[in-house]
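This report concerns only the one structure given below.
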Amino acid sequence: MSTLEDLGEVVSTDILIIGGGIGGLVTALKAKEENPGADVLVVEKQTAGWAGKATKIGGILAFLGPGNNADKFMDFQVRTSGFYLNDQELLAKYINSSYKAIQEFEEWGAKLAKTPDGKMVITPAFWAPEWSTTYIDIDLMLPIRNKARKMGVKFLNKIHVVDLLKKSNKIIGAVGFDIITGKYHIFNAKATVLANGSCGYKVRRFWIAGTGDGIAAAYRAEAEMRNAEYGNLYGHTVWQDTDSGMVGHQFLVNALGENMPKKYLSDESPTGVFLPVQLAVGLEKEVAEGRGPIYFAPPPGNPPYVMRTNLPKLNDWQKRTAEKEQKYGLPPDVRREIGVPLHGETSCIKVDHEMKTSLEGLWAIGDTSYAGSAVAGAVASPPGITPGSGIMFAVISAGWAGASAARYAKEAALDNVGYAETKALKDSIFASTQKGKGLSPGDAISLLQDVMAPMKYNLRRSKQRLNEALTRLDELKEKISSLQAKDLHYLSKCHEVKSMILCAELTYRAALMREESRGFHFREDYPKADDKNWLKWIILKQDNGKVKLSKQPIPIDKYMIKPGK
Amino acid sequence: MDTPKTWVKEIKINFSDCKGCKTCMNACFADVIRWNEADKKPVVAYPEDCVWCLACEAGCPVQCIEVVPNIPAPLRSSY
């Protein structure tokens, strides 16, 4: 009789953490703190401690600083950024956990920016009242990974986890493959935590690791999703030539020299670092009507915003980047046209206040569930209108999930993994290596970006255009049945494409259902917010291979902040 | 099809200086760099996926790796 071992490497653990970025590492630490005897395994597609998004560009951390007023920040966040789609109880819990998280970074050995007399740099956030920021060096994950190792956490790198294993309504592990050797891996776990990020559709370069693998796996396992329509920020990259820099939208001008925010924004518009919807739509209009391109034109003596810190790795990275731009980039006197890329952050796994999903035995943290947690409300998250929350939400939600999963694992028993299901998943995972000639994953990504990147679909939405986008996604789904992987690296990309297409479909299905405009969801055919009918979350779930949508009323009556003053 | 061009032109490794410490491979979050077991040296296996995050360059203890970016960037238009 065939056994699981005939299919591949079988690994049993108490707690399985999928993703070795900042969120996965902190989940491991917190699980070990709660239950030191538990076997904790982190499985990472690349290399734990370097993977994910947290080490890119350098960490801005936003938090409730000493002296900040939590109620005032919360009021701003709900009224101006979340537009009442927040879970206000969880938002309050997050805000009040934020300063402790900053202090923990120091305890773990990560380097925070310091003043000359050795105090932590704390700067008021320019994008929100009663909110503070500091900086963390870009090697922040290494001391945390080392600490986790010392505590007995085990690591497996270069394993792409594709699907979850399920028995009735319970998750009992996951399966994936080694992207170097091709060995199939079967993980049997009491508790499983998804910590492998949001979906960014590989548009912007520092966010390419976010391919929604965990979101897609959870959806296929029939976990509920929430706020999927909110994954769509647009940035203005100050330097089109390198995709860097996203501040100073007050300095955007069209080809005629007209100031864009003066033309399209009221004085009360939120500042943030991303483009407010009206401004982004305005830029699209300017270009369509022949007044493009759009330039970044700060007055002389007002250079683009640069972080100045005493953090050695961040400084080294900034210096290297500047040298490359000087050596290989455009001459300094060339007028800089801005880029307006999609900054995808689909992060829609629905979770409760301990980061538990709707499936027993499954937690989802950080960018897998930031929007789905409803902490941020009607805005793609992270970073929404209030940047500096990506690393922070990962770490704080990891603390909640790590402890919760460890408590659960203490009482739970390992379930047997079925052979037939595991064999079927194996056949499906490796199918793209079997075919002759077919679509390459690179070409499939390009076709997907044609549907996800344009503002006409993903920001300036309408019933007609959303249906058009969904039709194009259906056509793409047909095409990817012939996806071909010429080796294991490309097999990993084939699965990334499938995850991203699923995230795209969830985005547009939810966007089609929400017949109003709220936050970063803007419908040209329903241009106003409709508090009477739409103080609701859209829940999505797989049902017989289709996306089933429903509405969940927001319990606004029990919340502190309500529409109107 | 109008496929976007890559983010980098070239990744250069000076193999005579390389100590074979694997830091560049571990630092890569895009699986660009693999390992040649026979030579005990890194291999630039998938340069088309490099986004010049520069983690390999910054991490190299002997500074023998250099990433040459493609500028302007192949940034996807949203209009």
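Nothing in this text is a laboratory measurement; each read-out follows from the coordinates by a stated rule. Just so you know, these numbers come straight off a predicted model, no measurement behind them. Don't worry about glycine lacking a Cβ; one is built from the backbone with ideal geometry, like all the others, and counts go over all protein chains shown.
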Nearest-0.05 FRET efficiency for residue B:10 and residue A:413 at R0 = 56 Å, using Cβ-Cβ distance, is 0.55
When B:64, A:199 are arranged by how many other beta-carbons sit within 10 Å of their Cβ, fewest first, they go B:64, A:199
Taking only the Cα positions of the stretch A:121-227, the convex hull volume per residue in Å³ is 201
Compactness summary of the stretch A:424-527: radius of gyration and Dmax from Cα atoms, Å, are 15.7, 48
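Hey, how much of the P(r) for the stretch A:282-417 falls beyond 24 Å, as a percent of Cα pairs?
58
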Count of lysine pairs, the stretch B:8-69, Cα-Cα under 16 Å, sep. 8 or more residues or interchain, comes to 6
Restricting to Cα pairs under 8 Å and 6 or more apart, the percent relative contact order of the stretch A:91-245 works out to 12
Fewest to most Cβ atoms within 10 Å: A:428, A:266 sort as A:266, A:428
Across the alpha-carbon set of the stretch A:169-292, Rg over Rh with Rh taken as the Kirkwood radius works out to 1.15
For chain A, cysteines with no other Cys Cβ under 4.7 Å from their own Cβ are listed as A:348, A:494
Cα-Cα longer than 29 Å, checked against A:32/A:536; A:154/A:493; A:262/A:558; A:53/A:498, kept in input order, equals A:32/A:536; A:262/A:558
Across A:45-52, the residue-averaged tally of Cβ atoms belonging to other chains within 10 Å stands at 4
Taking every C-alpha to C-alpha distance in the stretch A:236-340 and binning by 10 Å from 0, the per-bin percentages run 14, 43, 30, 12, 1
Here the averaged projected area of the stretch A:472-519, based on the convex hull of its alpha-carbon atoms and given in nm², is 4.2
Straight-line reach check, residue A:93, cutoff 20 Å on alpha carbons, 8 or more apart in-chain or any other chain, hits among aspartates and glutamates -> A:34, A:71, A:75, A:104, A:130, A:352, A:354, A:367, A:557
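What is the gain in length, in nm to one decimal, between residue A:308 and residue A:427 on full extension, counting 0.36 nm per residue of separation less the C-alpha to C-alpha distance?
37.7 nm
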Once normalised by the length of chain A, the mean sequence separation of its alpha carbon contacts under 8 Å that are 6 or more apart gives a contact order in percent of 21
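Fewest Cβ neighbours within 10 Å first, please rank A:10, A:193 accordingly. Could you put the intermediate results ahead of the total?
Numbers: A:10 17, A:193 33.
Result, fewest neighbours first: A:10, A:193.
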Taking only Cα atoms of the stretch B:8-69, the Rg to Rh ratio with Kirkwood Rh works out at 0.91
One can check that the equivalent ellipsoid of the stretch A:1-150, built from the alpha-carbon gyration tensor with semi-axes equal to the square roots of five times its eigenvalues, has lengths in Å, largest first, of 35, 20, 14
For residue A:263, the lysines lying under 19 Å Cα to Cα, once residues fewer than eight places off in the same chain are dropped, come out as A:285
To the nearest 0.05, the calculated FRET efficiency linking residue A:115 and residue A:5 through their beta-carbon distance, R0 being 45 Å, is 0.20
proj_area_mean for the protein assembly as shown (convex hull on C-alpha atoms), units nm², value 28.8
Of the stretch A:532-565, those with amide N under 20 Å from the point 7 Å along the Cα→Cβ vector of residue A:71 are A:556-565
Here, chymotrypsin sites (Phe, Trp or Tyr not before Pro) of the stretch A:113-160 satisfying both criteria (DSSP loop; at most 15 other Cβ within 10 Å) are A:126
